[in-house]
Each structure stands twice: as structure tokens, then as C-alpha cells.
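**Q** Okay, handing you the structure first.
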Amino acid sequence: LTEAGVEVHLDDILESNVELAVARGAGTADPVDAPAVVVVAVPPTEVAACVALALETWPDATVTDVASVKATLQNKIAALPGNERYVGSHPMAGSERSGPMAAYARLFEGRPWAVTSRAGADAASIARVVEIAELVGAVPLEMDAEAHDRAVAVVSHVPHVLAVLTAARLHGAPQDHLALSGPGLRDVTRIAGSDIALWQEILGANATEVRAVLEQVRGDLDRVIDSIGTDTDRLGDVLQSGQDGTKLIPGKHGEEVAALATVFVSVPDEPGELSRLMAHTGESGVNIEDIRIDHELGRRVGQVEIAVVAAQAARLVEALTARGWSAYS
Ligand SMILES: NC(=O)C1=CN([C@@H]2O[C@H](COP(=O)(O)OP(=O)(O)OC[C@H]3O[C@@H](n4cnc5c(N)ncnc54)[C@H](O)[C@@H]3O)[C@@H](O)[C@H]2O)C=CC1
Ligand SMILES: O=C(O)C(=O)Cc1ccc(O)cc1
């Protein structure tokens, strides 16, 4: 927001978090007289009290929050004086990390941002919250709070539980078994590293919706257990359903996801090599959609995986090979 020219005033119960956020360029620690919008970004159980305080302290301000679950919260706030100036919202962006060091200016770019307006909220307040989402490059999606909570159970909360359960299975595995872990395991378990208190609150607040989806997962799990090693066709149906499911996830800005391919490049584990590779990739004219680095055990070589639009993979391999890299896709 600061980058977009908005004057941002920061407050937190932890002064050190304000200092850190100010140092990172997020805004100022100076108090504010009459804010146009107050964004409450605190743990879910603290949100209602902070929203109430903001509505009371600044009688002309629009107040929004970013909590991950909306319906119960919205009902609580609907009883407060000034509630017509409150509009709930939820940016679908973030990570497994917490605190000011986990923030970065591009965090919301191209990400969906649910705006859970309701009958009774004033139009100017809704417009201001939509504008905030747009100013940080997000895509506002207006929906009611109940639909939002049903949606996030499927696209966020149950995936979180499944990541946790997958990671939890690793306990007790001998070190030489864990040594075989690859990027697939990391993809599936990254969010299991998230703040536990936050997720206790999120799952607790959306318990009914999450439980309903988990019951369906239990059925799926039984199908896998019954068919594995005994019924290839039935198992194939489950695998097919998962593969088809991945294609239902929209890309940034809601456009179709272009099929990606990975180009693998061996990179000596030495200063400057990675930036040389990036420069050569840039010269090839192929856009990097994603990148990760895997270190090969016991070797001073990193395996860099560059995700590119599938149709451009061969071009990138050719350009890198011509510049002396060992690359393949
Ligand atoms: N972590 C994520 O990826 C996402 C989180 N959210 C929502 O954002 C909210 C905050 O979560 P995070 O940013 O992850 O947590 P965080 O721990 O990074 O930030 C919360 C901040 O609130 C402060 N705080 C706690 N109680 C307070 C109070 N009573 N008054 C003033 N400040 C207070 C804490 O000191 C901390 O700096 C939650 O409601 C969560 O559901 C929404 C989207 C993504
Ligand atoms: O880390 C990720 O990929 C996330 O999806 C983070 C996240 C956590 C909580 C939310 O309510 C929304 C997004």
C-alpha cells in the first residue's frame, strides 16, 4: 500500500513487530487521527474485539479484517454500533511463516481476495475495501460469508489438514529413509510448517464445513485402502479424479493455467553461478514461471529446476546447452 502512495499507519500489541515492519518499509509507527480504512490483521480470536475498538475509536473509518473464517465473526460484528462501516475480507495469499519478516510487497499480486460484503454494509465501505485489494494487485471476489467459509474448507483448510497428516507420518522414519525425500514431499507438506495456534483457531472457527469435507476424504481414503493392490481400475479412478482436480485450480487472475515443464540444470555450488544461470535464462527470452534449488547429497552441485511454459522448454534447454550448461527437460 505504501508503494501505491497510500499513507499507512501501523499498530500492534508487540512494539518490536511495528519496528520491524517500519524498518521493512511498510509504513509509519506514528498514530493516526482519522484513517479512511482500518485493516485488522490479528489472530482470528482477537478480530471481533479489535474491529469493535476500531469502529468506536474512528467513527468515520471503514473497518475491514483479513481473518481466514468469516460467517460467525460477521454475525458477531453485525451487533456492534457502526457495523455498517465494517466489511469482512480475506486475501488468499500468505505462507507458512508468520510475523513481519514473512511479508513482502508482491505478496498479494494476482491473488484472489474475498470481500464478504453483506446486506447492511454501506456501499462506500465495500468500495474502499475492494480498492485496497486492487491497490495491492489482488483480484477482489465478492461473496457472502457462508459461501466463503464453505469454499475455504475445500481450497485451504482441508488441504492444510492433509499436509499436516502427511508430514506427521514422517515421525519415526529412520534417517536413511528420510534422506530419500524429494521435492514432491516438500510440495505436499510446506504448509504443515504453519503457526499451530493460528490453525487451531482457523479450523475451530470453520469446524462444521471442514468436518463435512473431511468425512468425504475419509470415504476416498477407504476407496484407496480397499483398491490398492487388488483393483487397479478402481484405484485408477481415484488417481484420475486427482489428476483432473489439479486442472480445476485457476492460475493467477483466474486465467487457465498454461501447462508447465521443468528444465533441470546442474549448477556448481559456488558464488555467482546462480546469477550467471539466471542471466543466460533471461537472454534466451524464456520466462521463468517458478524456480527451486535442490542440493545433491554429498556433491557440491545444486540441481536447479526452472518451471517454464511447456512449449518453451526445448528452446531454454537449447539456449542453456549452447552456453555450456548441462540442462535437460
Ligand atoms: N498466515 C497467512 O498466510 C494468512 C493469514 N490470514 C489471517 O491473517 C490474520 C493474521 O495472521 P498472520 O498475519 O499469519 O499472523 P501474524 O502472527 O504474522 O500477525 C498477527 C499480528 O497481530 C498481533 N496481535 C495479536 N493480538 C493483537 C491485538 N489484540 N491487538 C493488536 N495486535 C495484535 C501480533 O503481535 C502479530 O504481529 C489471521 O486472522 C489469519 O487468519 C489471512 C490470510 C493468510
Ligand atoms: O501458504 C499458503 O500457500 C497459503 O495458502 C497461506 C494461507 C493461509 C491462511 C489463509 O487464510 C490463506 C492463505
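**Q** Using alpha carbon centroids, what distance separates the range 94-122 and the range 175-248, in Å?
**A** 25
**Q** State log₁₀ I(q)/I(0) for the range 203-274 at q = 0.18, 0.28 Å⁻¹ as given by the Debye formula over alpha-carbon point scatterers of equal weight, solvent excluded.
**A** Treating every Cα as an identical point scatterer, log10 I(q)/I(0) equals -0.91, -1.14.
**Q** Please quote Rg/Rh for the range 87-183 to two decimal places, taking the Kirkwood radius as Rh and restricting both calculations to Cα atoms. Walk me through the numbers before you get to the answer.
**A** Working: Rg = 18.2 Å, Rh = 16.0 Å.
Reported Rg/Rh (Cα atoms, Kirkwood Rh): 1.14.
**Q** Nearest 10 degrees is fine. How inclined is helix 273-284 to the longest principal axis of the chain, computing both from alpha carbons?
**A** Around 90 degrees separate the two axes.
**Q** Rounded to the nearest 0.05, what FRET efficiency is calculated for ALA102 and HIS9 with R0 set to 30 Å and r the Cβ-Cβ distance?
**A** 0.90
**Q** For the range 73-129, which GluC sites (Glu not before Pro) are both in a DSSP coil and crowded by at most 15 other Cβ atoms within 10 Å?
**A** Qualifying residues, ordered by number: GLU96, GLU109.
**Q** Identify the chymotrypsin sites (Phe, Trp or Tyr not before Pro) of the range 79-177 meeting these criteria: DSSP loop state and at most 16 other C-beta atoms within 10 Å of the C-beta.
**A** Listed in order of number, the matching sites are TYR104.
**Q** Quick one: length gained pulling THR2 to GLU289 fully straight, 0.36 nm per residue minus the C-alpha distance?
**A** Working: separation 287, 0.36 × 287 = 103.32 nm, distance 2.67 nm.
Fully extending the segment from THR2 to GLU289 adds 100.7 nm.
**Q** In the calculated pair distance distribution of the range 15-103, what percentage of Cα-Cα distances lie above 22 Å?
**A** Across the range 15-103, Cα pairs with separations above 22 Å total 31 percent.
**Q** Moving to a separate point now. Could you work out how far apart the two model spin labels at VAL217 and ALA197 are, taking each label as a point 7 Å from the Cα in the direction of the beta carbon, and quote it in nm?
**A** 2.4
**Q** Using alpha-carbon pairs under 8 Å, 6+ residues apart, how would you state the relative contact order of the chain in percent?
**A** 11
**Q** Stick to Cα atoms and the Kirkwood definition of Rh, then tell me Rg/Rh for the chain.
**A** 1.01
**Q** Rounded to the nearest 0.05, what FRET efficiency do LYS247 and ASP176 give with R0 = 35 Å and r taken as the Cβ-Cβ distance? Could you check?
**A** 0.45
**Q** Please determine, in degrees from 0 to 90 and to the nearest 10, the orientation of helix 232-246 with respect to the longest principal axis defined by the Cα atoms of the chain, where the helix direction is its Cα long axis.
**A** Between helix and principal axis, roughly 50 degrees.
**Q** Report, in deg cm²/dmol and to the nearest 500, the calculated mean residue ellipticity at 222 nm for the chain, where each DSSP H run with n ≥ 4 adds -39500 (n - 2.57) and the sum is divided by the residue count.
**A** Dividing the helical sum by the residues of the chain leaves -13000 deg cm²/dmol.
The numbers here are math on the coordinates, done by the rules we state, and not lab data. Owing to the predicted nature of the structure, the values given are computational and were not obtained by experimental measurement. Here Cβ is always computed from backbone atoms with ideal geometry, including for glycine, and neighbour counts include all displayed protein chains.
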